[in-house]
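In what follows, a single structure is set out as structure tokens and then discussed.
The values are calculated or read from the model by the stated rules, or taken from the named source; none is laboratory data. Keep in mind the model is a prediction, meaning the values are calculated, not measured. Cβ placement follows ideal geometry from the backbone for every residue including glycine, while neighbour counts extend to all protein chains displayed. Accessible surface is based on the protein model in full, side chains and every heavy atom, while ligands, DNA and RNA are left aside. Shrake-Rupley method; radii C 1.70, N 1.55, O 1.52, S 1.80 Å.
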Amino acid sequence: MKFVDLSAQQGRIRSDIDRRINAVLEHGQYIMGPEIAELEKALADYLGVKHAISCSSGTDALMMALMALGIGPGDAVITTPFTFIATAEAVSLVGATPVFADIDPRTFNIDPAKIKGGIEYAKKSGLIPKGIITVDLFGLPAEYESIEAIAKEESLFLIEDACQGFGGEYRGKKLCGFGDFAATSFFPAKPLGCYGDGGALFTNDDKLAHIAKSLRIHGTGDSQYDNVRVGINGRMDSIQAAILLSKLDIFKDEVEARHRVAAKYTEGLKGVVETPFLPDGMRSGWAQYSVLSDKRDKIRGQLQKEGIPTAVYYPKPLHLQGAYATLGLSKGDFPVSENAASRIFSLPMHPYLGDKEIESVVKAIHRAVKSEG
Ligand SMILES: *Cc1c(COP(=O)(O)O)cnc(C)c1O
């Protein structure tokens, strides 16, 4: 069994992918070819956002969003410690400081009630709080209504780290549409993945979109060798855009398939492990199906013996990472994240997981929980 089965998906669309890659080989515009504009339009239409700006990765998308908003040294950005390192790393890469606010134990997303504490902490540390980065962890939306209200009240920008969020919905509105900017990743194992690194920024703000497009190509101005700001080499390859166009065609169907898998897991695992909590009005894109158990290691050991892969996202919250030792934080500072990190694990999740496979995962977990020792 595979944790993420990209080959089943490829089998379904292989001829279309071949056709689109061949078109790139024919026209030879490997950088900023026609597939880029085609993909950006398709993404904007799918999500219902005004601007989609393809780029080199989710990390670069986050970094360019911060650059476009003018964030730098002396600024603090409030975010969750229970995420992939890239969320905070982007903040550090522009010279600003990540300030953490603990998560809601039920959703694993930043707890809106803890954001004010983060703002106070930043001020006490001599930093200027400038913004919030939410993460739609595992595909589940952050609590946008309360967070948007806090951002407005405190005059903070909001960036949605939707690197796992593509495919989810909050009160009928698709994820990747929140905040001043939303950033997503097309890393192969994400819900919508290409065959290499890739990402995108989304915004409804014309001015921010204009700046982000310039940042993506070395801060270009009106012509190629006119540089009006310091930017990066942040473009997506035409071939990756071609692949994403093929995959976007079947994405809606794949999200429905993920819902089917998640519903089956939840039905089979209720009361055996703590299954994912879905607040009213939220639809997860099911980037991951993650559960909690005090018997995590035992269950994972049993599944491994039976050839069922699992993963732990994330074993160590960011405030305890060596990379952030300089922040001077320690164990006990974000207890909800620490507790989740010690008990969470994720099951195989992809649109091509069959009922029999789901059942075998469920049965193996039942057996592991019941066994002695
Ligand atoms: C994957 C991921 C990123 C980074 O995306 P890359 O495309 O790998 O750079 C950032 N944030 C979160 C929450 C992610 O899951």
Ordering Val272, Val77 by accessible area with a probe of 1.4 Å, largest first, what comes out? Val272, Val77
When the dipole is taken about the Cα centre of the chain, and only Lys, Arg (+1) and Asp, Glu (-1) are charged at their Cβ, what size is it in debye, to the nearest 20? 900 debye
Between the alpha-carbon centers of segment 1-46 and segment 209-229, tell me the distance in whole angstrom. 26 Å
Running a GNM on the chain with Cα contacts under 10 Å, which residue among Met282, Met67, Met32 ends up with the highest mean-square fluctuation? Met32
For segment 251-370, what value does the Rg/Rh ratio take when both radii are computed over Cα atoms and Rh is the Kirkwood radius, given to two decimals? 1.02
Can you show me the helix-derived [θ] at 222 nm for the chain, built from DSSP H runs with n ≥ 4 at -39,500 (n - 2.57) apiece and divided by the number of residues, rounded to the nearest 500. -13000 deg cm²/dmol
Per residue accessible area of the chain, 1.4 Å probe, in Å²: 42 Å²
Can you pull the percent of the chain's accessible area that's carbon plus sulfur, 1.4 Å probe, other chains left in place? 52 percent
With a ≥ b ≥ c taken as the square roots of the eigenvalues of the C-alpha gyration tensor of segment 181-252, please select rounded if a/c is under 1.5 and otherwise prolate if a/b is larger than b/c or oblate if it is not? prolate
Please report, in debye to the nearest 20, how large the charge dipole of segment 251-370 is about its Cα centre when each Lys and Arg carries +1 at its beta carbon and each Asp and Glu carries -1 there. 380 debye
Rg to Rh quotient for segment 159-216, alpha carbon positions, Kirkwood Rh: 1.00
Hz values of 3J(HN,Hα) by residue in segment 316-330 - Karplus curve (6.51, -1.76, 1.60), Gly and Pro given as x: 9, x, 4, 5, 9, 6, x, 4, 10, 4, 5, 6, x, 9, 9
Using alpha-carbon coordinates alone, the radius of gyration and Dmax of the chain in Å work out to 20.8, 70
Rounded to the nearest 10 Å², what accessible area does Ile21 have for a 1.4 Å probe in the complete protein model? 40 Å²
Positive-end residue, segment 110-153 charge dipole about Cα centroid, Cβ charges, pick of Ala122, Leu140, Ala151: Ala122
Under the Karplus curve 6.51 cos²θ - 1.76 cosθ + 1.60, θ = phi - 60°, whole-Hz ³J(HN,Hα) for segment 224-239, x wherever Gly or Pro sits: 4, 9, 10, 10, 9, 7, 7, x, 9, 8, x, 7, 8, 6, 4, 4
Relative contact order of the chain (C-alpha contacts under 8 Å, at least 6 apart) in percent is 21 percent
Area of Leu25 that stays accessible when all protein chains are in place (1.4 Å probe, Å², to 10): 90 Å²
In segment 228-305, which trypsin sites (Lys or Arg not before Pro) fall in coil by DSSP and have 14 or fewer other Cβ atoms within 10 Å? Arg229
